[in-house]
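Since the structure comes first, as structure tokens, the remarks are kept for the end.
The values are calculated or read from the model by the stated rules, or taken from the named source; none is laboratory data. Here the structure is a predicted model, which is why all the values come from computation and not from measurement. Ideal geometry is used to build each Cβ from the backbone, glycine not excepted, and the neighbour counts take in all protein chains shown.
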Amino acid sequence: MSSSSIRRTCALARKEFLHILRDARSLGMAIAIPMLMLLLFGYALTLDVDNVPMVVWDQSDTQLSRDFISRFHGSRYFSVRGYARTYREVEREIDSGFALVALVVPRDFASRVEAGRPAQVQMIVDGSDSNTATIAMGYADVVSLTFSQDVAIRWMQSVGGPSFAPPLEVRPRVWFNADMESRNYIVPGLTAVIMMVISALLTSLTVAREWERGTMEQLISTPVKGYELVLGKLAPYFAVGMFDMLLAVLMGKFLFHVPLRGDAVLLFAIAAVFLAGILSMGMLVSILMKSQLLASQIAMVLTFLPSFLLSGFVYPISNMAKPVQWISYAVPARYFVALMRAIYLKGTGLELLAGEIALLVVFGAIMLALANARFKKKLT
Amino acid sequence: MAETSDDKAVVVRDLVRRFGSFVAVNRVSFEVRRGEIFGFLGPNGAGKSTTIRMLCGILRPSEGAGSVAGFDIRTQTEQIKSRIGYMSQRFSLYEDLTVEENINFYSGIYRIAPDRKRERKEWVLRMAGLADHRNSRTSVLSGGWKQRLALGCAILHEPSIIFLDEPTSGVDPMSRRRFWNLIYELAGRGVTVFVTTHYMDEAEYCDRIGLMYRGKLIATGTPEDLKHRFMREEVLEVGCERFQDALGEIEKLPGVREVAVFGRGLHVVAEDGETVAAEIRTLLAEKGFCSAHVEKIVPTLEDVFVSLIEAQDREESAEAEVRR
């Protein structure tokens, strides 16, 4: 690129930057929307099932049954919200959504346990949210199992047996997201998704706007070159996008307390590659459509759904049907989400991530080349 | 191109532009000499803008050939673009930028040498009368200011040919006059000016004009030339009271081609002026139109244009008749 080309590109970049500064709407879109999305999704979107609201009908009403119930209440997974006296009451609490599960302890609970005979307790679960229901049932199983184990040990000790230990015990140790906080997993992915949606939207307007306002006709009558125009227009949005990225990382750190284990420089370098590709894609859409409305809608469709559904951000790609998995290879957010998580949660370095980074570079190069090739200094 | 000699700024041969089945420009040929003010005159939709866009290298011709500043309008459009200034119909300035920012932008695009940048900017500001408004947003400027600023931005790089597409539409009369003074100034320095307009009075300011109608160039020449050469009929000016009523009566006279209201009187087009003038005088006296006067005048460009357009329409309907 010659020095004179750089001058033209700079003139375009400066002009475009002034447009962004002067237009409150685009400035708001560039900065407020990503922050709003991060706040909204960061707080609302949690995959943890904690404090499942529970209603209890304790027919036994004994020391033992109260002990059993307190095992639920004492865990972080359940929270006893009320007591029922009849099935009608239980039904009402679940129907109204006041409780998600109901625990019914039968009248003969204590007597059977103390006699060493098997006792049954009833668990009623609202299955309309199947995911939460499954997890809650799993928790309930564990709570009951530990209780039975304790009862068994106490019983053996009372009959004078040797001190007893269960034959097998799993001691889990979680790596990478030791607290099993789903937020630590969601925020890095969310940042990737927001970057994709916002940046494509930003550039999708820029070329179309000039066609609509008639300024493009003037611009194409000058000796400006296509690549100077594409690069000049990309530059300010690239700066805005990187600023968004910085905001997102800072919010992740100070607001959501998501630890960043990996190299921050690597993180931003990868974000820059990803951003350049997505901005070029938005620009390509703008060049092809020549209409702001159409271009912004297409940019939304191209980025929002794929990045939410096919990037592995919420739904694991490995659980998807094979054809859908293949499609997901064409979604650049897939690589960026994976890279963000690897760097955030595992602290993985460049050597293990090179393959995915290379794919992002290829994507960016293709988009930039296409935008450059499709921009014609002609009217039709 | 072989025809292009050094004194020709624009040469066009059989230029055609179609949009689908619509022929916007139909086999147009003409030449513009260096340093000339050449006016393209015609109603809206006549193909003036389409022609100018092809000359500026931003629209591909469907057929035909042409050159601007010695470069081919089909294959050497980028060379053309660095040698011309183009001002499109809507003064395409960036409304959210200030006057100075617009100038700075175009001086970056045209790569004005750093040592000349300041001088050129001051020149544009002075020329447009915007020195006191350099920090105003372009959107708040009046039409005349926008027009002069757009012209300034288009000629920052001192091109040898400038193309102005309806530069004076929507601009007040004072600004129009000022604008034409600028155009004369540029032409005086040897710049070729190619301008389109649908104002007849502006056409009189041009060295030569081309009349465009329905995609065809129906006449070219100096304004004087057109008035005398192309006007086969004669024009009579009729002044009288209640001239609207008189119009209906005069139209019925034999030998009258056309009657039109012109100012506070009528223009009557007739093949034999002397005879018809006498007839009109008799008629007006008979019908009691007081203080009437009838005299033969030099036709205005508007008369010429209307006469040429009607001849064209007659020809086309005759052709259509034959084809049927």
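Out of (1) within 12 Å of another protein chain (Cβ to nearest Cβ); (2) more than 14 Å from B:Ile84 (Cβ to Cβ); (3) among the small types (Gly, Ala, Ser), the odd one out for B:Ala46 is which?
Just one mismatch for B:Ala46, condition (1).
Would you please list the contacts, defined by Cβ atoms under 6 Å and residues six or more apart or on different chains, that run from a residue in the stretch A:64-86 that is more than 13 Å from A:Val105 (Cβ to Cβ) to a residue that is part of a loop (DSSP other than H, G, I, E, B)?
Between residues of the stretch A:64-86 that are more than 13 Å from A:Val105 (Cβ to Cβ) and residues that are part of a loop (DSSP other than H, G, I, E, B), the close pairs are A:Arg76/A:Asp50; A:Ser79/A:Asn51; A:Arg81/A:Ala99.
All but one of (1) assigned to a helix (DSSP H, G or I); (2) out of contact with any Phe, Trp or Tyr (no Cβ under 6 Å at 6 or more places or on another chain); (3) farther than 24 Å from A:Met242 by Cβ; (4) modelled with pLDDT of 85 or more hold for A:Phe147; state the number of the condition that does not hold.
The one condition A:Phe147 does not meet is (2).
Name the residues in the stretch B:80-112 that are surrounded by fewer than 21 Cβ atoms within 10 Å (Cβ to Cβ), closer than 24 Å to B:Gly144 by Cβ and within 7 Å of chain A (Cβ to nearest Cβ), would you?
Within the stretch B:80-112, B:Arg90, B:Asp96, B:Leu97, B:Glu101 qualify.
Consider only pairs whose beta carbons are under 6 Å apart and that are at least six residues apart or on different chains; among these, list those whose first residue lies in the stretch A:181-193 and is within 20 Å of A:Val331 (Cβ to Cβ) and whose second residue is modelled with pLDDT of 85 or more and of a type in the set (Val, Ile, Thr).
A:Val187/A:Val258; A:Gly189/A:Val337; A:Ala192/A:Val337
Residue check: is A:Ala140 part of a helix (DSSP H, G or I), crowded, with 19+ Cβ neighbours inside 10 Å and touching a Phe, Trp or Tyr at 6+ places or on another chain (Cβ under 9 Å)?
In short, yes.
For the stretch A:55-76, give me each residue that is among the aliphatic types (A, V, I, L, M) and within 20 Å of A:Glu89 (Cα to Cα).
Within the stretch A:55-76, A:Val55, A:Val56, A:Ile69 qualify.
Mind checking whether some residue in the stretch B:65-80 is under 27 Å from A:Ala13 (Cα atoms), assigned by TED's automatic domain parsing to the domain that holds B:Thr192, charged (D, E, K, R) and touching a Ser or Thr at 6+ places or on another chain (Cβ under 9 Å)?
No, every residue in the stretch B:65-80 fails to be under 27 Å from A:Ala13 (Cα atoms), assigned by TED's automatic domain parsing to the domain that holds B:Thr192, charged (D, E, K, R) and touching a Ser or Thr at 6+ places or on another chain (Cβ under 9 Å).
So how many residues does the stretch B:64-93 have that are modelled with pLDDT of 95 or more and over 25 Å from B:Arg34 (Cα atoms)?
Qualifying residue count for the region: 0.
For the subset of the stretch A:324-380 comprising residues that are not hydrophobic (A, V, I, L, M, F, W, C) and not in a helix (DSSP H, G or I), which member is nearest to A:Val301 (Cα to Cα)?
In this case the residue turns out to be A:Tyr329.
Does B:Trp123 meet the test of being touching a Ser or Thr at 6+ places or on another chain (Cβ under 9 Å) and more than 10 Å from chain A (Cβ to nearest Cβ)?
When the stated conditions are applied, B:Trp123 does not pass them.
Hey, A:Val56 hits all of (1) within 28 Å of B:Arg137 (Cα to Cα); (2) touching a residue at least 40 places away in the same chain (Cβ under 8 Å) but one; which does it fall short on?
(1)
Given the condition surrounded by 15 or more Cβ atoms within 10 Å (Cβ to Cβ) and in contact with a Cys (Cβ under 8 Å, 6 or more places away or on another chain), answer yes or no: does some residue in the stretch B:300-317 qualify?
No: the stretch B:300-317 contains no residue that is surrounded by 15 or more Cβ atoms within 10 Å (Cβ to Cβ) and in contact with a Cys (Cβ under 8 Å, 6 or more places away or on another chain).
Residue by residue through the stretch A:336-380, note down the ones that are within 14 Å of another protein chain (Cβ to nearest Cβ) and either without any contact (Cβ under 8 Å) to a residue 40 or more places away in the chain or touching a Lys or Arg at 6+ places or on another chain (Cβ under 7 Å) (or both).
Residues satisfying the conditions are A:Lys378, A:Leu379, A:Thr380.
Checking A:Gly312 against (1) more than 14 Å from every other protein chain (Cβ to nearest Cβ); (2) surrounded by fewer than 20 Cβ atoms within 10 Å (Cβ to Cβ); (3) outside any helix (DSSP H, G or I), which single condition isn't satisfied?
Checking A:Gly312 against (1) more than 14 Å from every other protein chain (Cβ to nearest Cβ); (2) surrounded by fewer than 20 Cβ atoms within 10 Å (Cβ to Cβ); (3) outside any helix (DSSP H, G or I), the one that fails is (2).
Kindly indicate which of A:Ser221, A:Ser307, A:Ser286 is within 14 Å of chain B (Cβ to nearest Cβ) and buried (at least 24 other Cβ atoms within 10 Å of the Cβ).
Being within 14 Å of chain B (Cβ to nearest Cβ) and buried (at least 24 other Cβ atoms within 10 Å of the Cβ) holds for just one of A:Ser221, A:Ser307, A:Ser286, which is A:Ser221.
Looking at A:Gly232, A:Gly262, A:Gly252, can you tell me which residue is touching a residue at least 40 places away in the same chain (Cβ under 8 Å), outside any loop (DSSP other than H, G, I, E, B) and away from chain B (no Cβ under 14 Å)?
Being touching a residue at least 40 places away in the same chain (Cβ under 8 Å), outside any loop (DSSP other than H, G, I, E, B) and away from chain B (no Cβ under 14 Å) holds for just one of A:Gly232, A:Gly262, A:Gly252, which is A:Gly252.
I'd like the full set of residues that are modelled with pLDDT of 90 or more and buried (at least 23 other Cβ atoms within 10 Å of the Cβ), limited to the stretch B:198-216.
Within the stretch B:198-216, B:Cys206, B:Ile209, B:Gly210, B:Leu211, B:Met212 qualify.
Of the residues in the stretch A:5-52, how many are among the hydroxyl-bearing types (Ser, Thr, Tyr) and surrounded by fewer than 16 Cβ atoms within 10 Å (Cβ to Cβ)?
Going through the stretch A:5-52 one residue at a time, the tally reaches 2.
Would a scan of the stretch A:242-256 turn up a residue that is more than 19 Å from the chain's Cα centre (by Cα) and surrounded by fewer than 23 Cβ atoms within 10 Å (Cβ to Cβ)?
Within the stretch A:242-256, one or more residues are more than 19 Å from the chain's Cα centre (by Cα) and surrounded by fewer than 23 Cβ atoms within 10 Å (Cβ to Cβ).
Which ones in the stretch B:226-260 are in contact with a Phe, Trp or Tyr (Cβ under 7 Å, 6 or more places away or on another chain) and not acidic (Asp, Glu)?
B:Cys240, B:Arg242, B:Ala246, listed by residue number.
Could you tell me which residue of the stretch A:24-83 is farthest from A:Val113 (Cα to Cα), considering only residues that are among the charged types (D, E, K, R) and in a helix (DSSP H, G or I)?
Looking at residues that are among the charged types (D, E, K, R) and in a helix (DSSP H, G or I), I get A:Arg25.
Please state which one of B:Ser92, B:Ser49 is closer than 23 Å to A:Glu16 by Cα and among the hydroxyl-bearing types (Ser, Thr, Tyr).
B:Ser92
Can you tell me which of B:Val28, B:Val68 is touching a Leu at 6+ places or on another chain (Cβ under 9 Å), aliphatic (A, V, I, L, M) and more than 14 Å from every other protein chain (Cβ to nearest Cβ)?
It is B:Val28.
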